[in-house]
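Colleague: Quick one: structure below, then a few questions.
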Amino acid sequence: MRGSGRKNFRDYPDMHIPFFDLTRQLQSWPELNETVRQVMERGQFIGGEPVQQFEKNFAKRLNIPYCIGTANGTDALYLILKALQLPAGSEIITPAWSCMPTAETIVLAGHQPVFCDVDDDYMVLTPETVECKITSRTRAVIAVHLYGQAAPVHQLKQLCEAHHIHLIEDCAQAHLTLEDGKPVGTFGAAAAFSFYPTKNLGALGDAGCVITANAELALRIRMLANHGSPPPEQYDYQSTGINSRLDTIQAALLNVKLTRLDELNRKRRSIAERYNYLLSELNEIRLPRERANTCHTWHIYCIRSGRRDALREHLSRNGVGSHIHYPVALPFTPAFAYLKHSVADFPVAAQLAQEVLSLPVFPELTPEEVEFIAESLRSFLKA
Ligand SMILES: *Cc1c(COP(=O)(O)O)cnc(C)c1O
């Protein structure tokens, strides 16, 4: 019988389980010290071999011709939007349920964010939610593969093609997430990745990249990231741009960490499966679902509950860290108050902000810790 060997909640010793803990990962990776030392010995801290190597390795892993390293994922999105050379003030459709970079970069690039609600089951855009937002001024859609879940990129791509608009993918939470066996990020005109330390592929600082199959776009992004000068030229300013470089030390570390990305994603996946099993009887919470024909990479394992805040408080009293991604849907933040949206415009996103709770799902979490977290939730919901 399920759970026959389950310990009583009180049988566990005092536990302290952080929401995320990178130090555990680094302990299993002593070669990273040597990696940093080698860069220091060579004395080149901007550009150079490690950056070129990483761009090559990451492009190869995703089976796409071009990868351009950037300083972070936000810059990657901004550079894509700039490089597409859209008319000023274009409307760009973006999910109401995401984090700030997916919306703010639209404004920074001189365009207008048009928020769109997400699907209640999968928490990503759908062709239906997007289509009703398309106008004659729409020039692009940003699909966010949120939490590691693939947004329906096949269908979104068809929709964008039918309307002659660009599809941009935000893959900051979806390193090697698959849709029909193909990695997300390879469906649209270009995709942005973040290697922020907590992401599935994380640097030890800020880092990001753009991937694209379009040679012309790749060149424009390189230029824009290098003050408008086509690299390796330093002073051949074809336009104004920004400074957004993938740091050499971070690139060297990412080259090593990329070798174990599949393994770490598999570990996240088995933790998510374990939660799904252990929590399946708890009717009061809604478990995350994976879209059919996709491979979720579980950057975030997000449950939903009408008693979210009390649940979070209870976990915290039991020494379990959790997080809320996100406390407010973007259209309702002060930053976008000028758009004058109401809850009725994005009912799903508004509801999610009240209900979501992210449980620890980092790869180094032990089976005992996962059991403890599940038991902790159970003790609250059964009480
Ligand atoms: C992390 C993240 C970004 C931005 O990445 P940074 O590297 O922190 O700039 C963009 N979009 C989403 C959905 C993210 O989670």
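Colleague: Against the longest principal axis of the chain, how steep is helix 215-225, in degrees 0 to 90 to the nearest 10, with axes from Cα atoms?
Modeller: 80 degrees
Colleague: Can you pull the percent of Cα pairs in the chain with separation above 35 Å?
Modeller: 28 percent
Colleague: Considering only DSSP beta bridges whose two residues both sit in the chain, what percent are antiparallel, to the nearest 5?
Modeller: Here the share of antiparallel DSSP bridges comes out near 55 percent.
Colleague: Report the full-extension gain for the segment H16 to A213: residue separation times 0.36 nm, less the Cα-Cα distance, to one decimal in nm.
Modeller: 66.4 nm
Colleague: What distance in nm separates the simple spin-label points at W29 and Q158, each placed 7 Å from Cα in the Cβ direction?
Modeller: For W29 paired with Q158, the spin-label model returns 3.9 nm.
Colleague: Take the chain, mark every one of the chymotrypsin sites (Phe, Trp or Tyr not before Pro) that falls in a DSSP loop and has at most 14 other Cβ within 10 Å, then report the longest stretch left between them, sites excluded.
Modeller: 46-234
Colleague: Of the options P360, I68, Q112, report the single residue whose Cα projects farthest towards the positive end of the charge dipole of the chain (beta-carbon charges: Lys, Arg +1; Asp, Glu -1).
Modeller: Value: P360.
Colleague: Share of the stretch 31-258's accessible area from carbon and sulfur, percent, 1.4 Å?
Modeller: After summing per-atom areas, the C and S share lands at 50 percent.
Colleague: Please identify the longest segment of the chain free of exposed trypsin sites (Lys or Arg not before Pro), where exposed means a DSSP state other than H, G, I, E or B and no more than 10 other Cβ atoms within 10 Å.
Modeller: With a cap of 10 other Cβ atoms within 10 Å, the longest stretch comes to 3-339.
Colleague: Need one word for the stretch 285-364: rounded, prolate or oblate. Basis is the Cα gyration tensor (sqrt eigenvalues a ≥ b ≥ c); a/c below 1.5 gives rounded, then a/b vs b/c decides.
Modeller: oblate
Colleague: Calculate, in nm to one decimal, what V328 and E273 gain on full extension: separation in residues at 0.36 nm each, minus their alpha carbon distance.
Modeller: 17.0 nm
Colleague: For the stretch 31-258, what is the percent of antiparallel DSSP beta bridges, rounded to the nearest 5?
Modeller: 45 percent
Colleague: Taking a 18 Å limit on the Cα-Cα distance, which of the listed pairs K56/K257; K56/K267; K60/K199; K82/K133 fall beyond it?
Modeller: Result: K56/K267; K60/K199; K82/K133 exceed 18 Å.
Colleague: Between the alpha-carbon centers of the stretch 276-310 and the stretch 12-43, tell me the distance in whole angstrom.
Modeller: 29 Å
Colleague: For V36 and S239 in one chain, what is 0.36 nm times their gap in residues minus the Cα-Cα distance, to one decimal in nm?
Modeller: Answer, rounded to one decimal: 69.6 nm.
Colleague: Using only Cα atoms, find the angle between the long axis of helix 261-278 and the longest principal axis of the chain, and express it within 0 to 90 degrees, rounded to the nearest 10.
Modeller: Approximately 30 degrees, to the nearest 10.
Colleague: Follow-up question, since we're still on this one. Measure nothing but the geometry: give the 0 to 90° angle between the long axis through the Cα atoms of 73-83 and the longest principal axis through the Cα atoms of the chain, rounded to 10°.
Modeller: With rounding to tens, the tilt is 40 degrees.
Colleague: Please report the equivalent ellipsoid semi-axes of the stretch 64-170, computed as sqrt(5 x eigenvalue) of the Cα gyration tensor, largest first, in whole Å.
Modeller: Ellipsoid semi-axes (Å, largest first): 19, 17, 14.
Colleague: Cα gyration tensor of the stretch 137-247, axes a ≥ b ≥ c as square roots of the eigenvalues: rounded (a/c below 1.5), prolate (a/b > b/c) or oblate?
Modeller: It comes out oblate by the Cα gyration axes.
Colleague: I've got another one for you. If the only charges are +1 at each Lys and Arg Cβ and -1 at each Asp and Glu Cβ, what is the size of the charge dipole of the chain around the Cα centre, to the nearest 20 debye?
Modeller: The calculated dipole for the chain is roughly 360 debye.
Colleague: Please calculate how many Å² of accessible area the stretch 31-258 carries per residue, with a 1.4 Å probe and no DNA, RNA or ligand atoms counted.
Modeller: 40 Å²
Colleague: If you take the square roots of the eigenvalues of the alpha-carbon gyration tensor of the stretch 242-383 and sort them as a ≥ b ≥ c, do you get rounded (a/c under 1.5), prolate (a/b over b/c) or oblate?
Modeller: Oblate, because a/c is 1.5 or more while a/b does not exceed b/c.
Colleague: In whole Å and largest first, what semi-axes does the C-alpha gyration tensor of the stretch 31-258 yield when each eigenvalue is scaled by 5 and square-rooted?
Modeller: 30, 20, 14
Colleague: With unit charges on the beta carbon (Lys/Arg positive, Asp/Glu negative), name the residue among S270, A349, S244 whose Cα is farthest towards the positive pole of the charge dipole of the stretch 236-368.
Modeller: Result: S270, furthest along the dipole toward the positive end.
The values are calculated or read from the model by the stated rules, or taken from the named source; none is laboratory data. Just so it is clear, the model here is predicted, and its values are computed rather than measured. Cβ sites come from the backbone with ideal geometry, for glycine too, and all protein chains shown count toward neighbours. For the accessible areas, the whole protein counts, side chains as well, though only heavy atoms, and no ligand, DNA or RNA atoms are used. Shrake-Rupley method; radii C 1.70, N 1.55, O 1.52, S 1.80 Å.
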